[in-house]
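*Asks:* Here it is, the structure in full.
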Amino acid sequence: MNTKRIAELVDNKKQLFEQVGDKIWEASEIRFDLKKSADVLCDALASEGFAVERGVADMPDAFVAKYGEGKPIIGLLGEYDALAGLSQKSGTNVRDPRVEGDPGHGCGHNLLGAGTLAGAVAVKDYMKETGLKGTVIYYGCPAEEGGSGKTFMARAGMFKGVDAFFGYHPMANSRSMGISTLANYAVKFKFSGKAAHAAAAPDMGRSALDAVELMSVGVNYLREHVIQEARIHYAYLNAGGKAPNVVQAEAEVLYYIRAPKLQQVDAIFERVIEVAKGAALMTGTKMEMIWDSACANIIPNDAMGRLADKYLREYGPVELSSEETAFAKMIQESLTEAELKRPLAQLVGMFGADYAAEAEVLASKPVMTDVVPYIFSDVAMPGSSDVGDASWFAPTIMYTTACFPTGTVEHSWQWVACGKSSMAHKGMLYGGKVMAAAAIELMENEETLNKAKEEQKKRMGNIEYRCPFPADVKPR
Ligand SMILES: [Zn+2]
C-alpha cells in the first residue's frame, strides 16, 4: 500500500473537507432534523461519484453513499448532529452564544462527518487509481447524541453483509479505542392522573407527580439488587407544573438504564417497568412508556484496534503552527486549574504509572498531538454510543484524533468555539487519512480482515443482535 499517496489524496481535496465541516458547524442541527447537514454531505458524496440514497430506515436525513462493488464491504460511520443549548461564537475564549439557546457542535460532529467524508473519498480515489476491488459505504447516521439513528439502521437491516466498520471521533487526544461501552436504554415514563383543588377537593385528585416520586423511590431501592456495573439515572422532564394547590395531573421522568451487556439492560429494564407499574397502581394513575434512545454495547476488536493504532502512528502526530498553538493556549485560558490538571490524571489512570513521565510531557502541551498508548480491554468504559449497534454486525473500531486543546472536554462550548479552527481541521484531515489507510489495508489484505472477523466470531459466541427498540417505535 502506498501510504504517502493516501495522505496526498486527502490533502489534495482538503478545501472540500474543511468547507463541509464548516457548513455543518454553521447549520448546527440536532437529533433527526438534520436537513442542511445531510444536504452538504450528500452533495459532496454525489459529486465525488458515490451513489447516494437519502431517507433510509424511515429517517429523512439518514443516508447511505456507496462506491465500488463486491466484497469486501467497508462501512464508515458518519455523524453530523449537534447538541441543544450549546450555541457559541467561533474562535473566542469567552462563553458567547451565536443565538442564545440554539444548538452548537459541542461534540465536534461537524469534524466527525467531514473527517469520515475525507476517509471515504480517499478510499474511492485510491480504488480508482489502483483498480482495488471492493465497496466503501458512507453511512450518514442521525441522532447519535439522542435518538440513536444507528439503532434504527440496524433494525432496518442496513448493516448486514458489511465486513468491517470504522468510527472516527474528534477529541482532545489521539487514540485507538480497543474498548467496549455500556448498552443503554433511554425511556420516558409518563404518568397521567386527575387535577383537583389540593386543599378543597384532594380526594378527587390523582397525582402524577406522586407516581413519578414513588417510581424513583422504588428504583432507588432496586439499585442495591442489580449488578455492580449497572448505572441507572433519571431526570424529571415534567414535574406537573408550578401550582402546589393543584393536584398534578401530568408528570414525566426520563430514565437511562445502562449495563455492560444488552441482555443485562433488558433484565434490569423489565424490573424498572414493574416498579413504574407499581407506582401507577399505588397512585391510581396511568403509566405510558415512550422510547427516547437505545443502543447496544460495543463488541470490542483487538485486531481492528491495532490496525487503527498503526495508522495513527503512521500519519501522526500532526504538527501545529505557532498560530495554532497560540490559539489553543488562548482557549485554555478559559479553563480552571482543575480542568487543566484533569488530562494528566486521566492518562495515568488509563495507562498506569509506567506512562507517568510521558503523560506529564504530553499533558503539558496545549494540544495532545502525540498518539497515546494502545491498550485493549473488553471492560466497558462508562459511556454509551450507538456505534455499538453496528459493532454486532462486523468488526468495528472507534478512534480519535486531537482536534481540541488539552483540558477541554466533550459537550463544552470550548469545543464549539474550536470547531472551525485550522487546528481542528488538521486533526480532522489526520482522522480521514487514518480511516482511508486502515480501510484500504482491509481491502488489500485478506489476512488482516480475516483475523478481525475470526476475533469477532469468538466474542459474539452464538449471541445474535436483537434491536433494543420494540418494532413499533419510530425515529423522532
Ligand atoms: Zn460525539
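Laboratory data are not the source of any read-out in this text; all were calculated from the coordinates shown. In this text the structure is predicted, and so the values were computed from the model without any measurement. Backbone-built Cβ (ideal geometry, glycine too); neighbour counts: all protein chains shown.
*Asks:* Counting pairs of alpha carbon atoms under 8 Å apart in space and at least six apart in sequence, what relative contact order in percent does the chain give? Spell out each step's value before the answer.
*Replies:* Details: 1100 pairs, mean separation 116.2, N = 476.
Relative contact order here is 24 percent.
*Asks:* Next question, about the same structure. Students often get this wrong, so check it: of 13/433; 150/277; 14/150; 128/426; 150/433; 261/310, which have C-alpha atoms separated by over 22 Å? Write down the numbers at each step before the final one.
*Replies:* Numbers: 13/433 12 Å; 150/277 30 Å; 14/150 27 Å; 128/426 25 Å; 150/433 24 Å; 261/310 29 Å.
Correct reply: 150/277; 14/150; 128/426; 150/433; 261/310.
*Asks:* Relative to the longest principal axis of the chain, what angle (0 to 90°, nearest 10) does the C-alpha long axis of helix 208-222 take?
*Replies:* Value to nearest ten degrees: 60.
*Asks:* Follow-up question, since we're still on this one. Starting from the Cα of residue 410, step 7 Å along the direction of its Cβ; do the same at residue 156; then give the gap between the two resulting points in nm.
*Replies:* That separation, rounded to one decimal, is 2.5 nm.
*Asks:* What FRET efficiency do you get for residue 471 and residue 188 if R0 is 22 Å and r is their Cβ-Cβ distance, rounded to the nearest 0.05?
*Replies:* Details: r = 19 Å, r/R0 = 0.84.
With a Förster radius of 22 Å, E is 0.75.
*Asks:* Could you give the length gained by full extension between residue 217 and residue 3, i.e. 0.36 nm per residue of separation minus their alpha carbon distance, to one decimal place? Show your work: numbers first, answer last.
*Replies:* On the way: separation 214, 0.36 × 214 = 77.04 nm, distance 5.78 nm.
Using 0.36 nm per residue and subtracting the Cα-Cα distance, I get 71.3 nm.
*Asks:* Considering only DSSP states other than H, G, I, E and B, which GluC sites (Glu not before Pro) in the stretch 390-476 qualify as loop sites with at most 11 other Cβ atoms within 10 Å?
*Replies:* Working: sites: 410, 441, 444, 446, 447, 454, 455, 464; in loops: 410, 464.
Loop-located and lightly packed - 464.
*Asks:* Just to be sure I understand the model, the point goes 7 Å from the Cα along the line to the Cβ. What's the resulting residue 378 to residue 132 distance in nm?
*Replies:* Those two pseudo-labels are separated by 3.0 nm.
*Asks:* OK, next. Going through the stretch 285-361, which GluC sites (Glu not before Pro) have at most 13 other Cβ atoms within 10 Å and a DSSP loop state?
*Replies:* Numbers: sites: 288, 314, 319, 323, 324, 333, 337, 339, 358, 360; in loops: 319, 333.
The qualifying sites are 319, 333.
*Asks:* Right, another one. Quick one: angle between helix 322-332 and the longest Cα principal axis of the chain, in degrees between 0 and 90, rounded to 10, please.
*Replies:* Roughly 10 degrees between the two axes.
*Asks:* Further question: Nearest 10 degrees, 0 to 90: what angle lies between the long axis of helix 3-12 and the longest principal axis of the chain (Cα atoms)?
*Replies:* 70 degrees
*Asks:* Using 0.36 nm per residue of separation minus the Cα-Cα distance, give me the extension gain between residue 274 and residue 204 in nm, one decimal.
*Replies:* Details: separation 70, 0.36 × 70 = 25.20 nm, distance 2.60 nm.
Length gained, residue 274 through residue 204: 22.6 nm.
*Asks:* In what sequence do 206, 95, 258 fall when counting other Cβ within 10 Å, fewest first? List each step's numbers first, then the result.
*Replies:* Working: 206 21, 95 13, 258 24.
With the sparsest Cβ surroundings first, the list reads 95, 206, 258.
*Asks:* With θ set to phi - 60° and the Karplus curve 6.51 cos²θ - 1.76 cosθ + 1.60, what are the ³J(HN,Hα) couplings of the stretch 283-291 in order, to the nearest whole Hz, using x for Gly and Pro?
*Replies:* After applying 6.51 cos²θ - 1.76 cosθ + 1.60, I find 9, x, 10, 9, 10, 10, 9, 10, 6 Hz.
*Asks:* Cα centroid distance between the stretch 139-166 and the stretch 440-476, in Å?
*Replies:* One Cα centre to the other: 11 Å.
*Asks:* Using the count of nearby Cβ atoms within 10 Å as a rough guide to exposure, how do 322, 174, 364 rank from fewest to most? Write down the numbers at each step before the final one.
*Replies:* Details: 322 7, 174 27, 364 12.
Fewest-to-most ranking of 322, 174, 364: 322, 364, 174.
*Asks:* Compute the Cα gyration tensor for the chain, then decide on rounded, prolate or oblate, letting a ≥ b ≥ c be the square roots of its eigenvalues: rounded whenever a/c is under 1.5, prolate when a/b is larger than b/c in the other cases, and oblate in all that remain.
*Replies:* Cα axes put the chain in the prolate bin.
*Asks:* What FRET efficiency comes out for residue 454 versus residue 313 if R0 is 25 angstrom and r is the Cβ-Cβ distance? Round to the nearest 0.05. Could the numbers behind the result be given before it?
*Replies:* Working: r = 24 Å, r/R0 = 0.97.
For residue 454 and residue 313, the calculated efficiency is 0.55.
*Asks:* Continuing with this model, one more query. How many angstrom separate the Cα center of the stretch 217-278 from the Cα center of the stretch 315-356?
*Replies:* 37 Å
*Asks:* Let me ask you something else. Among 158, 215, 127, 460, which comes first, second and so on when ranked by fewest other beta-carbon atoms within 10 Å?
*Replies:* Details: 158 21, 215 26, 127 18, 460 14.
In increasing order of surrounding Cβ atoms, one gets 460, 127, 158, 215.
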